[in-house]
């Protein structure tokens, strides 16, 4: 008997979950605004050690000053991150997460942003 009850509960939960996802998908398709009372964002953020920052920067083919400009900070800050003197801010970590997640996209963005100085 317990198995049937759990199966019904699981089915009810699954049905409710699917209905909720269909509701959110409908909102997105209709261009409605998603709000915090309707959905949650699950975006984990990792903390970056100096070697990881350096690897990411070099993966984009950028010097410290250019990476700093790209991230929106100073080259002194980038140097301090890479030397593990300071830790990147949560926002900088989120940005680096996005770069790590889609490196080819960000390499194109860097290429598209380059302007010769002479």
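Sort 100, 22 so that the residue with the fewest other Cβ atoms within 10 Å of its own Cβ comes first and the one with the most comes last.
Ascending number of Cβ neighbours within 10 Å: 22, 100.
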Which residue fluctuates most in the GNM of the chain (Cα springs below 10 Å): 107, 33, 58?
33
Averaged across orientations, what area in nm² does the convex hull of the alpha carbons in the chain project?
12.2
Please find, in a Gaussian network model of the chain (springs between Cα atoms separated by less than 10 Å), the residue of 49, 102, 19 whose mean-square fluctuation is greatest.
19
Once you've got the GNM for the chain with C-alpha springs shorter than 10 Å, pick whichever of 71, 18, 43 has the biggest mean-square fluctuation.
18
Helix-only mean residue ellipticity at 222 nm, the chain, DSSP H runs n ≥ 4 weighted -39,500 (n - 2.57), per residue, nearest 500. What is it?
-20500 deg cm²/dmol
In Å³ and rounded to a whole number, note down the convex hull volume per residue for the Cα atoms of segment 50-113.
68
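All of the numbers you see were taken from the coordinates with simple rules; none came from a lab. The structure presented is a predicted model; accordingly, all values stated were derived computationally and were not measured. Glycine also receives a Cβ, built like all others from the backbone with ideal geometry; neighbour counts cover every protein chain displayed.
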